[in-house]
Each structure stands twice: as C-alpha cells, then as structure tokens.
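Presented below is the structure to which this report refers.
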Amino acid sequence: MRICLLSYRGNPFCGGQGVYVTELGRELARQGHDVHLIAGPPYPRDSEGIALHRLPSASPYLNENGRRGAGSWRDGMLSPIGWYERGAAATGAFPEMAAFSLRAWLRLRALMRTARFDVIHDNQCLGWGLLPMRRLGAPVIATIHHPLTIDRERYFEPPATLLERWRGWRLYPIGMQGHVARRMARIVTVSHASAEAIARDFRVRPERIRVIPNGLDTVLFRPPERPRRVPGRVIYVGNLGDRNKGVVYLLRAMARVPPPAHLAVVGAGAAVPAWVRALVAELGLDDRITFEAQLTPQDLVTRYGEAELTVSPSLFEGFGFPAVEGMACGLPVVAARGGALPEVVGDAGLLVPTRDAEALAEAIRRLLGDAALRERLGAAARARVLERFSWSRAAAHLIEVYREVNDAHR
C-alpha cells in the first residue's frame, strides 16, 4: 500500500508521538509498503525507508531542534498560515496543530497529483486541515494517544499557579480536535483506557475506534548481558514539566524511602523546572537525585541496566513507553493505576493508586528490599513485552485497518 503519515512533531525526543510515527513508519516500510511522512519540527533524525516531507513552522513553542523558543522567519512566518500561527499564539492559544494540518493539506494536494495514496494517517494532530483532505481521494484516519482533555485537566494539578490554570483552560484546541475526530474514517488508539476516554470526551462512537497497542524495539531494549545494577537505584524517565506524569508524588515518595535509595531522572527537556528544583530542596533530596536529559536510545538502555527498578507514577498514560522500555530491559515496575498502565504492566510490577505518595514509597521499599521479587517480576516484565508489544504486530494490525477503510472508501 502507499501510505502517507502525518505528524506535527516528528522527532522521538518530542515525546511518545515522535516515537510512534518514526518506529511505525520504519516497520511499515520493512513490510514492503511505500511510506511517506509529512512532519513538522522537530523533524525525525533518521527516516530510514521513509520518504520524508518537512513542513516549516512559525511555532513559538518549538523550533527545529526541539527547544522552546520563537521560530525564525524562514519557518513559515511569511505565509498567511505563519501569520495566523504567530497571531494566535500571541493571544495565548495553541495554533501549532491547526497550522500544521493546513500546511499538510496544501502539501498533500500537490503530492496527490503524482502519488496517489491509499490512506492518509494523522498522528494526534486532528487539525482543521484534515477535513478538506477527505476530498483528495483517499480515506483519512487518525491516531489519538489520549484526548487533550487529559492534558488540560493536569494544568490544575499541584503546584499549579492561578495563571497556569487559566492558561491550561485556554491553551488546548479541544473543540477542534473533537469535531475533526468525529469525522475521521476510523480512530486508532493504543489502549482500551484511551479508547474509553476518546469515546467519552470526544464523543466518538466506540464502534469506530480500533485499539492497537504500541510496539518496542526489543533488540535495543533488552536486559544487559553483564548486569551492573547499582544498589538502591530507581529510574524515572519522562517529561518533568508535565504534571500528568506525577513527578510531585514521586519526589514525595522518595523522601519516605531511606538511603541508599536514590533516583535517576531522565527528562525530555534540557532544563529542570523551577518547581521541581524547589521541591527537591524542600524535601532534602539534593544529594539523592541526578538529572539527565535527551539521552540517545543506547545511553538510555545503559541507564536502565544500572537501575534496580523503574517507576511510572503517571496520573494517566495512553500507553506508557518508559514503563515498557524498563520492562523490556528486565526491570520490575512500580506504576500508578493511571490510564493504560494497569493493562500494560499487568503482573510484571506493583500497581499503586494515583496521587498516593505513601503507597508509591511502600512499593519502592518493598522491591528494593526483596531481590528475589525483583528478579521474578523483571523476568515476567521482559516476557510480557516480547509477547504483547512489537512494532511488527502493530503494523500488521494497522494494515488491516487501512484495508478496511480503503475498501469502504472505494
């Protein structure tokens, strides 16, 4: 099949959506399909087997390198869409998705004159431009990892200020995404928890939603041949600035776990948020926490190999890549019962209530104090990933959805 993927942020360092579109595109290409990717900045660094079409952006949120800050004039400012993007951002709105979708529609309209696609597959954008795409001659589907209503709710999590809560209420284009989602040929999501949230919050009929779990590169993410576990090391991987990740509860939990327990944090951004630094100092954890940012996948695997357990305290996860990465590396998981984490972790870790620092601390203490339990859960974690989460399986199920909508379109 000839497939066109759309992703308004294409780089894996920008989060799960970048990992999804990069890995899935590669696997579809490996299975013999002609894959094109239309992506906004930050762009994928490696588009092996994929025809990559880079779209400019005037977004003030991310530039090509994935860092926050104003885009340049060459990033689309001289176009009407660029003027819209800057103007809307100046009012406190979040126009990146709408602007990308309009640019993608214009690019697709040109591409479809010579390259007829069998399906157009959007990744979490759900901008207005997807509506006229439906008239280009191919069915349009969308992946929603979780609805933006989840992100907006997290702006009210402590220690949010009044200004942050106001920005959170205005920031996300929930009305646009819900309207567009209800008009897609199909919605694909990565867990049953996300499917329920999409049906509830975006009012998408459940029979139009297909659940296809993500995969993982289990050749790269694997247990070390010669384990060099550091006693007491707990690893957390995630975006420190995202209140949805439950970092505040993890830090409070670590204050309840005695030394030699210490936390290795691998974040998604170069800077540690000020409120995280302040809470670390308040809890007296300065000498028991290390921070690193944007590691290569190989270095991340090394960090997993040094830890005794991984922790995922998220309030909601559509899937939870860090939990699955740690599991693939043979680590037991302590996870909150947020969204898809129970269905992802299963019996390969310890599950605790969300927002419960004491329960989180108790589970960490229990695992650090029981080597046999860590070994048993770590082996179960690796086996569970191998059985359930592969990109080849995800791509094969996705092709079934493509053929379903393509047949209906014809």
Discussion item. Apply the a/c threshold of 1.5 to the C-alpha gyration tensor of segment 233-388 and tell me whether it is rounded, prolate or oblate.
Written reply: rounded
Discussion item. Let's test the formula: R0 of 30 Å, r as the Cβ-Cβ distance of ALA371 and ILE399. What FRET efficiency results, to the nearest 0.05?
Written reply: 0.10
Worksheet item: Given H placed on each backbone N at 1.01 Å, which residues far from VAL352 in sequence or on other chains put an amide H within less than 5 Å of it?
Response: ALA335, ALA336, ARG337
Worksheet item: With the calculation restricted to Cα positions, what are the radius of gyration and Dmax of segment 163-319 in angstrom?
Response: 19.0, 54
Worksheet item: Computed from these coordinates, which is Rg and Dmax of the Cα atoms in Å: [x] 23.7, 78; [y] 24.4, 82; [z] 21.1, 65?
Response: [z]
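Every read-out reported here was derived from the displayed coordinates using simple, explicitly stated rules and does not represent laboratory data. Note that this is a predicted model, so its numbers are computed, not measured. When we count neighbours, we look across all protein chains shown, and the Cβ atoms used for this are built from the backbone with ideal geometry, even at glycine.
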